[in-house]
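See below for the structure under consideration.
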Amino acid sequence: MKTIKEPHKLTSKIKTLKKQGKTVGFVPTMGYLHSGHVSLIKKARKETDIVVLSIFVNPTQFGPKEDYKKYPRNLSRDSAIAKKAGVDIIFAPSVKGMYPVRNKSRRYVGTARHCISGGISNGATYVEETKLSSILEGAIRPNHFRGVTTIVLKLFNVIRPDISYFGQKDWQQAVIIKKMVEDLNLDTKIKVLPTVREKDGLAQSSRNTYLTKDQRKSATILYRLLIEAKRLIESGLTNSKEIKKRMQEMINKEKLAGIDYIEMREPETLQPVTKISGKVIILLAIKFGKVRLIDNMIIRKRRGKSRC
Ligand code: AMP
């Protein structure tokens, strides 16, 4: 396994590999790897010749008051996990490597200010999906998805992957990336893989490390809410307002948890669903103090029954 830090070095390495007829699978991450990331790596390992894992805590997708500085980082820990999972190349660029500002003679003179201040532009180029990026997560985290689509497009340009792997846990992100790929005619296939959970149902996330012992116990509420929604839909309840009310009642009993949103949406368009008839996605964002966790479940209602 190789670790490459400079974008141009990776691009030329990939060119050579592609000339040899190799296919490239790509798993973008912000690091601090867990079994959710590993499931994406393993799928890429099965389906492609060369597996590239990027580890980059992308400043442009964090708001000024978010956890950019605090986000857990540990490249040597991640390297050991990546190697074991079958990664061929780790791409671990620096912020100035991905967002350089150069003077007229192309000399690097600093890092774009927008990167440090969390999404405030100083005139850099962004790519932005304009329909789905301002709802749900986007309504609470302005400019978040603009940062995501910008970095993912940059990574696609550096790596030119045949297949790119994303997790269902960040469903809205996956839908937006798929839309960007379609709208901009990008030449990579997007695969979205199921959410990997802890034994008690909590979705694996690098942010789980922020939880105190009590918050960690309480955090199982996300999965419990999803299971309850599934049960209600399976028992024939179709009114999303009623389902939401029952979920709110459940969460009101959890003293450490606060709701950012509980939403029922059509999975691909992310439009609100009032009466559940076919496929629906339940999307949750719940806060434990300053720690914000998201989760979701797709439920398909069929002839009085539903399937997850
Ligand atoms: P992150 O490092 O959190 O930006 O996540 C990198 C990729 O891993 C994204 O495509 C996530 O959706 C995916 N991912 C994160 N958590 C999980 C999980 N618990 N199960 C499956 N995929 C995940």
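A few comments on the model shown:
- Residues of the range 17-47 that are among the hydroxyl-bearing types (Ser, Thr, Tyr) and either within 9 Å of the ligand (Cβ to nearest atom) or open to solvent by less than 10 Å² (accessible area, probe 1.4 Å) (or both): Thr29, Tyr32, Ser35, Ser39.
- Looking across the range 193-203 at every residue that is more than 13 Å from Leu40 (Cα to Cα) and either open to solvent by less than 40 Å² (accessible area, probe 1.4 Å) or aliphatic (A, V, I, L, M) (or both), the one that is nearest to the ligand (Cβ to nearest atom) is identified as Ala203.
- Whichever residue in the range 279-296 is at negative phi and open to solvent by 40 Å² or more (accessible area, probe 1.4 Å) and, among such residues, is farthest from the chain's Cα centre (by Cα): Lys279
- Condition met for Ile243 (within 30 Å of Lys179 (Cβ to Cβ), under 19 Å from the mean Cα position of the chain (by Cα) and open to solvent by less than 30 Å² (accessible area, probe 1.4 Å)): no
- Exclusive hit being under 20 Å from Glu66 (Cα atoms), out of contact with any Leu (no Cβ under 6 Å at 6 or more places or on another chain), away from the ligand (no atom under 12 Å from the Cβ) and not small (Gly, Ala, Ser), set Arg146, Arg224: Arg146
- Subset tally (residues that are over 18 Å from the mean Cα position of the chain (by Cα) and either assigned to a strand (DSSP E or B) or within 14 Å of the ligand (Cβ to nearest atom) (or both)) for the range 48-78: 5
- Every residue from the range 264-278 that is open to solvent by 40 Å² or more (accessible area, probe 1.4 Å) and at pLDDT 95 or above: Glu266, Glu268, Thr269, Gln271, Pro272, Thr274, Lys275
- Conditions (1) more than 12 Å from the ligand (Cβ to nearest atom); (2) open to solvent by 20 Å² or more (accessible area, probe 1.4 Å); (3) more than 28 Å from Ala219 (Cα to Cα): number failed by Ile190: (1)
- Residue check for Ile227: of a type in the set (A, V, I, L, M, F, W, C) and open to solvent by 10 Å² or more (accessible area, probe 1.4 Å): yes
- Filter result for Leu256 (open to solvent by 50 Å² or more (accessible area, probe 1.4 Å) and in contact (Cβ under 8 Å) with a residue 40 or more places away in the chain): yes
Per-residue answers, yes or no, for (1) surrounded by 20 or more Cβ atoms within 10 Å (Cβ to Cβ); (2) within 16 Å of the ligand (Cβ to nearest atom); (3) in a helix (DSSP H, G or I); (4) within 19 Å of the chain's Cα centre (by Cα):
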| site | (1), (2), (3), (4) |
| --- | --- |
| Ile176 | yes, yes, yes, yes |
| Asn185 | no, no, no, no |
| Gln215 | no, no, yes, no |
| Gln248 | no, no, yes, no |
| Ile251 | no, no, yes, no |
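- Summed over the range 151-169, the residues that are within 14 Å of the ligand (Cβ to nearest atom) and either assigned to a helix (DSSP H, G or I) or of a type outside the set (A, V, I, L, M) (or both) give a count of 11.
- Restricting the range 81-112 to residues that are at positive phi and at pLDDT below 95, the residue that is surrounded by the fewest Cβ atoms within 10 Å (Cβ to Cβ): Arg106
The values are calculated or read from the model by the stated rules, or taken from the named source; none is laboratory data. None of the values given here were measured: they were computed from a predicted structure. Note that we place each Cβ from the backbone using ideal geometry, even for glycine, and neighbour counts take in every protein chain shown. SASA here: full protein model, heavy atoms, side chains in, ligands and nucleic acids out. Shrake-Rupley method; radii C 1.70, N 1.55, O 1.52, S 1.80 Å.
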